[in-house]
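Notes for the one structure printed next.
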Amino acid sequence: MIADGYILRPMLLADYAAVRRLWEQTEGMGLNESDTSEAIALFLERNPELSLVITTPSGAIVGAVLCGHDGRRGYLHHLAVARSKRGQGLGRLLVNECLRRLRALGIAKCNIYLFATNEAGRSFWLHEGWAVRDDLVVMQRGACGC
């Protein structure tokens, strides 16, 4: 349990519907075929105990983040805090706990992806001490070759 009765715990597949609603209500969030319940189930299975949610004492999910790693680098995806709960440090708590769990696994660095137009997200991450790497370009291709 954390301050004000909030509970921080690992994300479960049973949380998917509520987490998806939170993501859909979060400005700057991009959802696609990688965010189906089946895809999230695989992600959670591959990265046990790393993705997290914050709930109210009544069980309502008010924060969530996907956290995983490739054995070398950690990755955070879809950090979201309910609009009415922002400014209380919940996002910071989610991020710091993910980083702590990654360090415990020997993962020393972590990356995030952020839409260039997501000013609120950019402001949050910069405020939290993350640095913009302008020497990298993200490239992507579907596994099907499309």
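The values are calculated or read from the model by the stated rules, or taken from the named source; none is laboratory data. What you are looking at is a predicted structure, and each value in this text was computed from that prediction instead of being measured. A quick note on method: Cβ atoms are made from the backbone with ideal geometry, for glycine too, and the neighbour counts reach across all protein chains shown.
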Residues in the stretch 1-45 that are over 13 Å from residue 64 (Cα atoms), charged (D, E, K, R) and in contact (Cβ under 8 Å) with a residue 24 or more places away in the chain: how many? 3
Condition check for residue 99: among the aliphatic types (A, V, I, L, M), more than 24 Å from residue 143 (Cβ to Cβ), without any contact (Cβ under 8 Å) to a residue 40 or more places away in the chain and buried (at least 16 other Cβ atoms within 10 Å of the Cβ): yes
Give the stretch 110-146 a look and list any residue that's acidic (Asp, Glu) and farther than 23 Å from residue 94 by Cβ, or say none. 134, 135
Residue under evaluation residue 49, criteria (1) among the acidic types (Asp, Glu); (2) modelled with pLDDT under 95; (3) at positive phi, criterion not met: (2)
Is at least one residue of the stretch 33-54 among the basic types (Lys, Arg), out of contact with any Leu (no Cβ under 7 Å at 6 or more places or on another chain) and surrounded by 15 or more Cβ atoms within 10 Å (Cβ to Cβ)? no
